[in-house]
1. Of these, 67, 25, which one is part of a helix (DSSP H, G or I), on the phi < 0 side of the Ramachandran plot and surrounded by 14 or more Cβ atoms within 10 Å (Cβ to Cβ)?
2. In region 25-48, which residues are under 13 Å from the mean Cα position of the chain (by Cα) and without any contact (Cβ under 8 Å) to a residue 60 or more places away in the chain?
3. What number of residues within region 49-75 are under 19 Å from residue 87 (Cα atoms) and touching a residue at least 40 places away in the same chain (Cβ under 8 Å)?
4. With closer than 16 Å to residue 3 by Cβ and touching a residue at least 40 places away in the same chain (Cβ under 8 Å) as the only criterion, which of 93, 97 stands out?
5. Can you find a residue in region 79-90 that is part of a strand (DSSP E or B), surrounded by 14 or more Cβ atoms within 10 Å (Cβ to Cβ) and of a type in the set (Phe, Trp, Tyr)?
6. Considering only region 38-45, I want to know if a residue exists there that is surrounded by fewer than 18 Cβ atoms within 10 Å (Cβ to Cβ), in contact with a Lys or Arg (Cβ under 9 Å, 6 or more places away or on another chain) and not small (Gly, Ala, Ser).
7. Taking region 50-77, which residues are at pLDDT below 95 and of a type outside the set (Lys, Arg)?
Amino acid sequence: GAMIVASISGADPAALLSALSAVRAKRPESAILLMSADEAEGKVAIAADVPKALQDKGLKAGDWVRAAAEACGGKGGGRPDFAQAGGKEPARLPEALRAAKAFAGARIGE
């Protein structure tokens, strides 16, 4: 589909970005948002990549990561094509994933 939202266990922000690049290489037409929760540190890392065609439909990476971050006690933002954010409540990762899917689905109809 046009949207990939997933969590990767145990990834730090750097690992999350390399995972994002790997998925992007395989699925250049998809909007991708990845998250990882670190229970020990009490943090959630979030990163998103949105291709031009889906930006034009109204999905901006900065707004997308913000919606996910707000669902797990954080904030963030960035450019329309690429953005990172962080949350402070790893236990709320499932909510953040749902929020990310709903946010993108409302904009790109998936």
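1. Working: 25 fails: surrounded by 14 or more Cβ atoms within 10 Å (Cβ to Cβ).
None of the others qualify; the one that does is 67.
2. Quick first cut of region 25-48, residues under 13 Å from the mean Cα position of the chain (by Cα) only: 30-37, 44-48.
Those that are under 13 Å from the mean Cα position of the chain (by Cα) and without any contact (Cβ under 8 Å) to a residue 60 or more places away in the chain: 30, 32, 34, 36, 37, 44, 45, 46, 47, 48.
3. Of the residues in that region, 2 qualify.
4. On the way: 93 fails: closer than 16 Å to residue 3 by Cβ.
None of the other options fit; the residue is 97.
5. Of all residues in region 79-90, those part of a strand (DSSP E or B) come to 82-87.
Filter once more, so that each one left must be surrounded by 14 or more Cβ atoms within 10 Å (Cβ to Cβ): 82-87.
Filter once more, so that each one left must be of a type in the set (Phe, Trp, Tyr): 82.
Yes, because at least one residue in region 79-90 is part of a strand (DSSP E or B), surrounded by 14 or more Cβ atoms within 10 Å (Cβ to Cβ) and of a type in the set (Phe, Trp, Tyr).
6. No - not one qualifying residue is present in region 38-45.
7. Narrowing region 50-77 to residues at pLDDT below 95: 75-77.
Those that are at pLDDT below 95 and of a type outside the set (Lys, Arg): 76, 77.
Residues checked against (1) among the polar types (S, T, N, Q); (2) out of contact with any strand residue (DSSP E or B) (no Cβ under 8 Å at 6 or more places or on another chain); (3) more than 15 Å from residue 99 (Cα to Cα):
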residue: 3; (1), (2), (3): no, no, no
residue: 7; (1), (2), (3): yes, no, no
residue: 11; (1), (2), (3): no, no, yes
residue: 27; (1), (2), (3): no, no, yes
residue: 34; (1), (2), (3): no, no, no
residue: 38; (1), (2), (3): no, no, yes
residue: 42; (1), (2), (3): no, yes, yes
residue: 53; (1), (2), (3): no, yes, yes
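The values are calculated or read from the model by the stated rules, or taken from the named source; none is laboratory data. Bear in mind that the values here come from a model prediction, so they are computed numbers and not experimental data. When we count neighbours, we look across all protein chains shown, and the Cβ atoms used for this are built from the backbone with ideal geometry, even at glycine.
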